[in-house]
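Colleague: Please see the structure below; I have some questions.
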Amino acid sequence: MPVRRPLPILLSVLACLLALVAVPASAASSLTVAQAIAGQSGTGTVLGYIVGEPTATSTVRFGDFTGDTALAIADSRTESSTARMLYVQLTSSYRSAFGLLSNPSLIGRQLTVTGTLTAYFSHPGLKSPSAMSLGTTPTPAPTPSGSTDAYYATAAGKSGASLKAALHTIISTGVTKLSYDAVWDALKVTDQDPANSSNVILVYSGLSRAKSLNGGDTGDWNREHVWAKSHGDFGTAAGPGTDLHHLRPEDVTVNALRDNKDFDTGGSAVSGAAGNYTDADSWEPRNAVKGDVARMIFYMAVRYEGDDGWPDLEVDDSVTNGTDPYLGRLSKLLTWNAQDPPDTFEKNRNQVIYASYQHNRNPFIDHPEWVSAIFGS
Ligand SMILES: [Ca+2]
Ligand SMILES: [Ca+2]
Ligand SMILES: [Ca+2]
């Protein structure tokens with residue numbers, strides 16, 4: 001009998017070795033979303049990007065999520081065609097960690113999921129998941145450079161009024177307008193702190209604050225209209241008052257101090273927002289967002305031209321615009337655009353708004369040189 005003992009020991013050692021090599025082998029054999037759509041049978045592991053929440057056979061919500069029971073994943077984080085998405089069922093044990101209503105910031109994250117490849121919502125799908133995990137680090141958004149040439153094709157070679165007109169048409173076509181309520185969840189994604197996914201960055205103060213502290217009380221953050229909404233009196237109906245390109249999280253108290261002031265240099269230091277200054281008629285943002293503020297204002301002037309029921313917003317060199325649909329001071333905004341070029345946070349924000357929410361871009365983040373081409377040097 002003792003002579004037979006080495007065999008089971010050898011077998012178990014072999015089994016352990018096989019188990020070790022099987023881990024990388026199965027990871028390497030993950031299916032793409034295209035492969036999973038083409039092969040709807042058996043069990044499979046699929047790697048893709050979370051792009052939205054499916055609600056019907058050919059309907060996917062890219063924002064303003066309504067539930068935690070399903071995800072749409074795709075091979076491209078900017079995919080907009082449901083034909084190239086796989087619908088993933090979230091059974092109860094996965095909903096709190098992976099559902100988009102509870103976790104809107106998962107948009108754009110890489111997901112690896114194992115389950116049964118079968119129709120869901122009468123659409124290629126994956127049901128009854130047995131394993132699900134996020135990529136260890138968020139994959140950076142694609143660099144707009146080069147990839148947006150097609151988007152701006154009709155603006156090529158233009159300047160001045162004709163460039164402004166071409167950009168107005170481009171950024172006003174096919175736009176999804178959010179409700180003011182949906183802006184809360186969107187800002188939790190567009191302005192997420194890159195170092196802490198539970199927080200947002202407050203635009204003027206630069207502080208990192210818990211997403212869960214959105215509200216109207218002291219210590220909360222709320223929705224700052226960088227183009228003050230009284231300048232044109234456009235309110236918060238779906239339109240300029242809910243346009244994510246100029247809405248940013250800010251501390252409730254700091255937001256109230258900025259009020260509806262035009263932008264200019266000078267004044268006294270703002271308590272609670274280091275690097276910001278204000279006086280009776282103007283606000284100077286901190287250096288790191290001076291260019292961001294300028295590009296948001298220039299975007300609004302081009303996006304809203306008075307042709308769609310909203311006022312024609314324009315930039316001027318005044319700081320006493322009151323409720324007129326103007327915002328200043330142009331000369332400072334031109335300088336700020338030049339001295340603070342777009343950084344990774346600002347570019348990522350533009351891409352997320354384009355890919356997941358409004359489906360339009362801020363041209364001045366992709367092409368800061370177009371500011372002087374339209375608004376003067
Ligand atoms: Ca002033
Ligand atoms: Ca900046
Ligand atoms: Ca305008």
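Where a number appears in this text, it was derived from the coordinates with a stated rule and is not lab data. Small disclaimer: the values here were computed from a predicted structure and weren't measured. Don't worry about glycine lacking a Cβ; one is built from the backbone with ideal geometry, like all the others, and counts go over all protein chains shown.
Colleague: Rounded to whole Hz and in sequence order, give me ³J(HN,Hα) for region 220-233 from the Karplus expression 6.51 cos²θ - 1.76 cosθ + 1.60, θ = phi - 60°, writing x for Gly and Pro.
Modeller: 7, 10, 9, 9, 7, 8, 4, 7, 3, 5, 6, 7, x, 6
Colleague: Pull up the cross-link candidates among the aspartates and glutamates for LYS127, meaning alpha carbon to alpha carbon under 17 Å and not fewer than 8 places away within one chain.
Modeller: GLU53, ASP68
Colleague: Something else: Per DSSP H run of n ≥ 4, the term is -39500 (n - 2.57); total these for the chain, divide by its residue number, and report the mean residue ellipticity at 222 nm rounded to 500 deg cm²/dmol. Kindly include the intermediate steps, with their values, before the conclusion.
Modeller: Details: 12 runs with 115 residues, N = 377.
-9000 deg cm²/dmol, from helical runs alone.
Colleague: Next question. Could you tell me the relative contact order of the chain? Use alpha-carbon pairs under 8 Å, at least six residues apart, and round to a whole percent. Show your work: numbers first, answer last.
Modeller: On the way: 753 pairs, mean separation 50.6, N = 377.
Value for the chain: 13 percent.
Colleague: Same structure again: Where Lys and Arg each count +1 and Asp and Glu each count -1, what net charge lies around SER318 among other residues with Cβ under 9 Å from its Cβ? Show your work: numbers first, answer last.
Modeller: Numbers: positive: ARG329; negative: ASP262, ASP316, ASP317, ASP324.
Cβ neighbours under 9 Å give a net charge of -3.
Colleague: State the Cα centre-to-centre distance between region 114-128 and region 288-313 in whole Å.
Modeller: That distance is 43 Å.
Colleague: Now, a different point. With angles folded into 0 to 90 degrees, how steeply does helix 160-172 sit against the dominant principal axis of the chain? Use alpha carbons for both and round to 10.
Modeller: 40 degrees
Colleague: What angle, in degrees between 0 and 90 and rounded to the nearest 10, separates the Cα long axis of helix 290-303 from the longest principal axis of the Cα atoms of the chain?
Modeller: In the chain, helix 290-303 runs at an angle near 80 degrees to the longest axis.
Colleague: Set the Förster radius R0 to 35 Å, insert the Cβ-Cβ distance between ALA38 and SER197 as r into 1/(1 + (r/R0)^6), and round the FRET efficiency to 0.05.
Modeller: Numbers: r = 33 Å, r/R0 = 0.95.
Efficiency, rounded to the nearest 0.05: 0.60.
Colleague: Dividing the alpha-carbon Rg of the chain by 2.2 N^0.38 Å yields what?
Modeller: Normalised Rg, Cα atoms only: 1.18.
Colleague: Can you compute the radius of gyration and Dmax for region 223-377, using only the Cα atoms, both in Å?
Modeller: Cα-based Rg and Dmax for region 223-377 come out at 14.4, 40 Å.
Colleague: First check a/c for region 201-280, with a ≥ b ≥ c the square roots of the eigenvalues of its C-alpha gyration tensor; if it is under 1.5, answer rounded, and if not, answer prolate when a/b is larger than b/c or oblate otherwise.
Modeller: Note, shape of region 201-280 comes out oblate.
Colleague: Follow-up. What percent antiparallel are the DSSP beta bridges of region 144-375, to the nearest 5?
Modeller: The antiparallel proportion sits near 75 percent.
Colleague: Next up: If you look at just the Cα atoms of region 30-170, how large are its Rg and its Dmax in Å?
Modeller: Cα-based Rg and Dmax for region 30-170 come out at 17.6, 58 Å.
Colleague: Right, something else. How large is ³J(HN,Hα) for each residue in region 97-110, as worked out from phi by the Karplus curve 6.51 cos²θ - 1.76 cosθ + 1.60 (θ = phi - 60°), to whole Hz, x for Gly and Pro?
Modeller: Rounded to whole hertz, the list is 8, 10, x, 7, 4, 7, 9, x, 6, 6, 4, x, 7, 7.
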